[in-house]
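Only one structure is covered here, and it is reproduced in the block below.
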Amino acid sequence: MFKKFYREDASRTSGHGNLGLGLYIAHSIVKNHGGSITADNKETGGALFKIVLPVGKE
């Protein structure tokens, strides 16, 4: 799902068109800052995304 141009099966989405770049861009930004991003399905529907970034040293 974090791959460039990834598109979910249309039968499982709202039917709106997309390019499949949003999560790819988010993943790239987080990774370039030394962090991680994960996704889980919620039992009630939808998804929960978790972003973890390292604490910077000043």
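A few points about this structure:
- Among the numbered conditions (1) at pLDDT 65 or above; (2) in a loop (DSSP other than H, G, I, E, B); (3) of a type in the set (S, T, N, Q), the only one that Ser14 does not meet is (1).
- Condition broken by Gly35, with the remaining ones in (1) small (Gly, Ala, Ser); (2) modelled with pLDDT under 85; (3) open to solvent by less than 90 Å² (accessible area, probe 1.4 Å) satisfied: (2)
The values are calculated or read from the model by the stated rules, or taken from the named source; none is laboratory data. All figures in this text were calculated on a predicted structure; none of them were measured in a lab. Ligands, DNA and RNA are stripped out before the accessible areas are found, and what is left, the full protein with its side chains, is counted by its heavy atoms. Shrake-Rupley method; radii C 1.70, N 1.55, O 1.52, S 1.80 Å.
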